[in-house]
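For reference, the structure is listed below as structure tokens.
The values are calculated or read from the model by the stated rules, or taken from the named source; none is laboratory data. Only a predicted model underlies this, so the values are computations on that prediction, with no experimental measurement involved. Note: ideal-geometry Cβ built from the backbone for every residue, glycine included; neighbour counts use all protein chains shown. All accessible areas refer to the heavy atoms of the entire protein, side chains included, with ligands and DNA or RNA removed. Shrake-Rupley method; radii C 1.70, N 1.55, O 1.52, S 1.80 Å.
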Amino acid sequence: MVIIAHLSDTHIDGHPRSAERTARVMDHLNALARPVDAILITGDVADHGEVAEYETAARLFASPTPVLVCPGNHDVRDAYRKGLLGDDSGGDGPINARHDVAGASFLLADSSVPGEDHGHLDAETLDWLAAELAAVPAGTPTFIALHHPPVALHHPVVDAMRLLPADPLAELVAAHPQVVAVLTGHFHTAAASTFADRPLRIAPGVVSTLRMPWEGAGPLATQSQPPGVAFHVYDDTGLLTTHYRVVP
């Protein structure tokens, strides 16, 4: 059994509020009676993409549990590399990473488009995903994680900011049965759907929560709700179960 704690959209911005909410979630995870196998953070680590924001995030993300992070549309690749990864060589190419944890493989794909809100997987990232999927040993549960959901959530504003196009990713997922789920963030709402006949799970936002059209008039997102986290449990029968929790 593999248990993954999944959070997203911390938007560290130098203000005490975002840091406090992130610290609250991490403290909660670090104090669990049974430690999770991995903590996954699917992007928008920083709000302005400044090195100092990533340095703060690196301190907040400290944990005895493996912490796996991918970038989002608010993240700036050069500063992300320097402040979060400690890579002073910089560079503005996509930040893709594979992590093998607890008998599972996590492929973290960079869906960010510099200067844009929508997501896109460029040729380099798609080639990387194809090569890693081919290299994962047969029978290894594999999770693909990225910031942008590849499906619409029926919101007139944020749906335009999803992964575009989604077909290349769908083709890769469909061709590799070891992919057990696609895990994303970006929309600041706990949601569950399917993609290429696999589970798609979207983490709640740490910094704020999206207001859906049927919930009434108001701002696009509310900051009055507590931060949230998803717990994904993949068991020995191949079943993925997700539990969503708020962190008061």
So, first residue more than 13 Å from THR10 (Cβ to Cβ) in the range 68-85, second residue part of a helix (DSSP H, G or I) and acidic (Asp, Glu), Cβ within less than 9 Å, six or more apart or across chains; the pairs are ALA79/GLU53; LYS82/GLU55; GLY83/GLU53; GLY83/GLU55
I'm trying to understand the selection: among the residues of the range 115-133, which are touching a residue at least 24 places away in the same chain (Cβ under 8 Å), out of contact with any helix residue (DSSP H, G or I) (no Cβ under 7 Å at 6 or more places or on another chain) and open to solvent by 10 Å² or more (accessible area, probe 1.4 Å)? GLU116, HIS120, ASP122, GLU124, TRP128, GLU132
What are the residue pairs meeting all of these: first residue in the range 11-30, first residue farther than 19 Å from THR222 by Cα, second residue hydroxyl-bearing (Ser, Thr, Tyr) and modelled with pLDDT of 95 or more, Cβ atoms under 9 Å, and 6 or more apart or on different chains? GLY14/THR56; MET26/SER63; LEU29/SER63; LEU29/THR65; ASN30/SER63; ASN30/THR65
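To keep it simple, each residue is scored yes or no on (1) more than 22 Å from HIS243 (Cβ to Cβ); (2) surrounded by fewer than 16 Cβ atoms within 10 Å (Cβ to Cβ).
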| position | (1), (2) |
| --- | --- |
| ALA5 | no, no |
| ALA19 | yes, no |
| ASP37 | no, no |
| PHE61 | no, no |
| GLY72 | yes, no |
| VAL76 | yes, no |
| SER89 | yes, yes |
| GLY93 | yes, yes |
| SER105 | yes, no |
For the range 155-165: of the residues being surrounded by fewer than 20 Cβ atoms within 10 Å (Cβ to Cβ) and among the hydrophobic types (A, V, I, L, M, F, W, C), which is nearest to GLU116 (Cα to Cα)? MET161
Could you list, in sequence order, all residues of the range 39-59 that are buried (at least 19 other Cβ atoms within 10 Å of the Cβ) and either on the phi < 0 side of the Ramachandran plot or of a type outside the set (Asp, Glu) (or both)? ILE39, LEU40, ILE41, THR42, GLY43, VAL45, ALA46, GLY49, GLU53, TYR54, THR56, ALA57
Here are some residues: ALA221, ALA152. Which one is surrounded by fewer than 20 Cβ atoms within 10 Å (Cβ to Cβ), hydrophobic (A, V, I, L, M, F, W, C), farther than 18 Å from LEU107 by Cβ and in contact with a helix residue (DSSP H, G or I) (Cβ under 7 Å, 6 or more places away or on another chain)? ALA152
Counting only residues that are among the hydroxyl-bearing types (Ser, Thr, Tyr), over 24 Å from PRO149 (Cβ atoms) and not in a helix (DSSP H, G or I), the range 10-66 contains a total of 2
Those residues of the range 142-168 which are under 10 Å from VAL182 (Cα atoms) and aliphatic (A, V, I, L, M) amount to ILE144, ALA145, LEU146
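Conditions (1) in contact with an Asp or Glu (Cβ under 8 Å, 6 or more places away or on another chain); (2) in a loop (DSSP other than H, G, I, E, B), marked per residue:
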| site | (1), (2) |
| --- | --- |
| LEU107 | yes, no |
| SER112 | yes, yes |
| GLU116 | no, yes |
| LEU126 | no, no |
| LEU129 | no, no |
| ALA134 | no, no |
| ALA138 | no, yes |
| PRO150 | no, yes |
| LEU169 | no, no |
Residues within the range 196-225 that are out of contact with any Ser or Thr (no Cβ under 6 Å at 6 or more places or on another chain) and either closer than 30 Å to PRO177 by Cβ or in contact (Cβ under 8 Å) with a residue 24 or more places away in the chain (or both), tallied: 10
Looking at TRP214 and the list (1) open to solvent by 50 Å² or more (accessible area, probe 1.4 Å); (2) assigned to a loop (DSSP other than H, G, I, E, B), which single condition is not satisfied? (2)
